Amino acid sequence: GCFVFKPATKKRRLSEKTAHDFRSRSDDSEDTGLRFVTCQSLWNQIKSETQQIQENLNKQLLDNLVSFLNRSHSEFREKTTEWTCRMKFREIPTAALVLGVNVTDHDLTFRGVSDVLQDNITPYIALLEAKDCPGIKNLMQKLMGQLMNCDIDVDSLEDEDYVQVSQNRIRCSMSSLISWYESVTKKTDSETPSKKRNSSSRHWQSPPVVVIFKDMESFTTKVLQDFIVISSQHIRELPLVLIFGIATSPMIIHRLLPHSVSSLLCIELFQSLSCKEHLSTIIDKLLLTSQFPFKLGEKVLQVLINIFLYHDFSVQNFIKGFQLCIVEHFYSQPLSVLCCQLVDVKKRVNSLSHDQCENIRRLPSFRRYVEKQVSEKQIALLTNDNFLKEETEKLLEDLHVYHENYVSVLRCLHVFTSSLPKYPLGKQIRELHCACLENRVWETEEYESSLQLARMLNKTDLVTMLQQCVEILMSSSGKEFDKTIEKLKEFLTQFQNLEEASQERDVSISSQKELQKKTDLYHLQKTLLELKESRRSKKLTKFEMLRFEVVDYIDSLVRKYLVPASDRTLHEVVYFNAATVLRGHLNAAPRTALHTALNNPHWYLKNQALKCDGGGISNKAPDICIVYKLHLECGRLINLVDWLEAFSTVVMAAEEPNADAASSDQVDDIIHARFIRAVSELELLGFIKPSKQKTDHVARLTWGGC
């Protein structure tokens, strides 16, 4: 069954009013310009950092591709024995580039591949998409058009086999392509030595022609077969290299191409970085750092991660969602002007107006902070703006220090949790980060389970983890970890000097192996209980006592530094927590948006003439809006004649002198045409369809409210 639940009118109006307040709040603020500049500057820094991260992640893949082309081209250029042998079989060097199912990120990768190849190897690169190549003729037109740097209108050339290059028309064939390649390479060889030296510094002599199939799975089998067979027959004259962009599996090559065709390809496989690893790196560099003052709340981060994991695996869409969070935060939060680097905090705080000070006093976190102070300080914070500014500056500095310490201790905790035989708190650091943001992580059952598992680690694992923690804390910008580093080094010294009896060490190792073998929860809990009972009956060894001490010390660091951000004063300034707003932007509701646009065009057009109260119909509204609101009043079948008369009545309502002249049997031709067009648009949108029961009726297709 299909059940429709209409929301309460009062609740809907309240949500509309809230959204309207968000739209107008920024316009009324006195520091809108400064907030916009701060938002733009922050996003430019994040965008630059993101591009650098992506270049670093793709560097290995691009280097391997360059090496592959280098080998293929050197064989062609030197006419080696291997090349001669390959030519007997007419094999084409082919790179199978497996990029994963995150298709929306492929354009960025191919753009990077094209730029690297053009800068270092060859200027002759063509990027082909299946939608532009329905046939071999279209493929050759597109290929030659890109290689010869001329614009090709595929529609206009649909019945032609020629491309227009300068004043000449060249036939789209492989022989023409070979003739063109020989002419441009001879022209390069005939240049002066100085020009040739400059050219060879960027491109090779007789550079290869690289053809990139961006979405190989979408190409028709016949197009690929024809192109490969034709190209293999001319591989002696044209140094062609193919790159297949694959989203699924390399086996798709053998599914699309028969053996007689795939045997013409000399395929080498290249695997790009996993999109999950890519996302983890992005989160690590953008969120788990004190470099950028803007932060995401737990629910907001979870929305973005869920969209990534359950919808598209697109890192680019995650970054766009992150950008949307920045814009929404600076747009809707008046105090986002204070979301800046630490060096600018003092200047921004001192320039706060009285209204902005009142906004600070209204923050829930600040009100909790005031309630904890003595009465004299409470009065000063609530009445004295200068004292409030001084206190705000200190609180923002404390918040910055909190972020520095939080990130360092979070990484240390992740070192321990990621090395356990089970992952109660998750294997990825982003999962641990979400758990710490959500609530006090040390109060959760998952954290307690992690501590119990950590208390059974062997000496080698513990020493390795402690060394990693020392490196993390030493590289941290936090200034509070000097004593912590000394304590961890002291633990390392004690482990080095510790000599355990072989029998006791074997017991610890065997218990660790037993935990790794029994992966289900029942056996794991049973093993933990047995170990707990065995410890009660025997005296702890020195190693076990030291291991307990290490785990307890890490636990104390967690309780001190991994306090949820929501417990910090003024966290609203730098944290974006409006998950509902973000979900409304990213999780599209086209039916609701369409109903709102047609039923209340003033919501989007902001034209006061379109505003009508009480469910009335304005004659100033677009024709499709008038027709839509009239159709909501009808039943399953709508009489077109009655519908036209009602439309005419609404449209002619403002024209009083001609109101009497208009009748049901004499409708103005212009109004009739407008009505037909509006009804056709409704049919196109799927609201109505022609009825076979009655010729002058249409059937309504949608029911219920939005």
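The values are calculated or read from the model by the stated rules, or taken from the named source; none is laboratory data. Just so it is clear, the model here is predicted, and its values are computed rather than measured. As a convention, Cβ positions derive from the backbone with ideal geometry for all residues, glycine included, and neighbour counts pool all protein chains shown. Surface accessibility is based on the protein's heavy atoms, side chains included, excluding ligands, DNA and RNA. Shrake-Rupley method; radii C 1.70, N 1.55, O 1.52, S 1.80 Å.
Accessible area per residue, 1.4 Å probe, Å², for region 353-512: what's the number? Walk me through the intermediate numbers first.
Details: 8220 Å² over 160 residues.
Ligands and nucleic acids excluded, the result is 51 Å² per residue.
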*Using 7 Å Cα-to-Cβ label points, what is the L540/K394 separation (nm, one decimal)?*
4.0 nm
*asked:* Give the separation of the Cα centroids, region 367-437 to region 569-597, in Å.
replied: 25 Å
_Cut-off under 5 Å, modelled amide H: who pairs with C266 long-range_ = I92, T94
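By how many nm would the segment from E683 to K276 lengthen if fully extended, with 0.36 nm per residue of separation less the alpha-carbon distance?
Numbers: separation 407, 0.36 × 407 = 146.52 nm, distance 4.28 nm.
Stretched out fully, the E683 to K276 stretch lengthens by 142.2 nm.
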*Determine, from the Cβ-Cβ distance of R255 and V101 and an R0 of 22 Å, the FRET efficiency 1/(1 + (r/R0)^6), rounded to the nearest 0.05.*
0.85
*Just need the relative contact order of region 258-342 here, percent rounded to a whole number, with Cα pairs under 8 Å and 6+ apart.*
29 percent
*If you stretched the chain out fully between R236 and Q608, how much longer would it get, using 0.36 nm times the residue separation minus the C-alpha to C-alpha distance?*
126.8 nm
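Calculated FRET efficiency, T444 and N386, Cβ-Cβ r, R0 60 Å, to nearest 0.05? If you can, show how the numbers build up before the last one.
Values: r = 43 Å, r/R0 = 0.71.
Here the calculated transfer efficiency is 0.90.
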_Rounded to the nearest 10 Å², the accessible area of T493 at probe 1.4 Å_ = 70 Å²
*asked:* Can you tell me the length gained on complete extension of the stretch K59 to K377, counting 0.36 nm per residue apart and subtracting the Cα distance?
replied: 108.9 nm
_Which one, F366, V401, T383, is farthest towards the positive end of the dipole of region 340-461 when Lys and Arg carry +1 and Asp and Glu -1 on their Cβ?_
V401
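Run through region 529-594 and list the GluC sites (Glu not before Pro) located in a DSSP loop whose Cβ has at most 13 other Cβ atoms within 10 Å.
Details: sites: E530, E533, E544, E549, E572; in loops: none.
Loop-located and lightly packed - none at all.
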_Using the Karplus curve 6.51 cos²θ - 1.76 cosθ + 1.60 with θ = phi - 60°, what ³J(HN,Hα) values do you get for each residue of region 175-186, in whole Hz, with x for Gly and Pro?_
5, 5, 5, 5, 4, 5, 5, 5, 5, 6, 6, 5
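Counting alpha carbon pairs within less than 8 Å and at least 6 residues apart, what relative contact order, in whole percent, applies to region 214-298? It would help to have the intermediate numbers written out before the result.
Values: 30 pairs, mean separation 26.8, N = 85.
So the answer I get is 32 percent.
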*Grab the beta carbon distance between K692 and N120, set R0 = 51 Å, and tell me the FRET efficiency rounded to 0.05.*
0.20
*asked:* Using a 1.4 Å probe on the protein heavy atoms only, what accessible surface does M545 show? Give it in Å² to the nearest 10.
replied: 110 Å²
*Provide the per-residue ³J(HN,Hα) series for region 44-55, in order, calculated from phi with Karplus coefficients 6.51, -1.76, 1.60 and θ = phi - 60°, each as a whole number of Hz, with x at glycine and proline positions.*
4, 5, 5, 5, 5, 5, 5, 4, 5, 4, 5, 5
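Counting only protein heavy atoms and using a 1.4 Å probe, what share of the accessible area of region 340-450 belongs to carbon plus sulfur, as a whole percent? Intermediate results must be reported in sequence, preceding the final value.
Details: 2570 of 5550 Å².
Carbon with sulfur: 46 percent of the solvent-accessible area.
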*Would you work out what percent of the accessible area of region 85-134, with all protein chains in place, is carbon or sulfur (probe 1.4 Å)?*
51 percent
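How do K186, K459, K539 stack up against each other in accessible area, from largest to smallest, with a 1.4 angstrom probe? Provide the component values of the computation, followed by the final result.
On the way: K186 135, K459 65, K539 180 Å².
Greatest to least solvent exposure: K539, K186, K459.
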*Highest average packing first - 463-472, 326-335, Cβ atoms within 10 Å*: 326-335, 463-472
_Can you give me the Rg/Rh ratio for region 667-706, using Cα atoms for both radii and the Kirkwood formula for Rh?_
1.05
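Output the pairs from K422/K526; K347/K394; K47/K131; K285/K347; K427/K489; K346/K394 with a Cα-Cα distance over 20 Å in this structure; if there are none, say none. Don't skip to the answer; put the middle values down first.
Working: K422/K526 15 Å; K347/K394 13 Å; K47/K131 30 Å; K285/K347 27 Å; K427/K489 26 Å; K346/K394 9 Å.
Exceeds cut-off: K47/K131; K285/K347; K427/K489.
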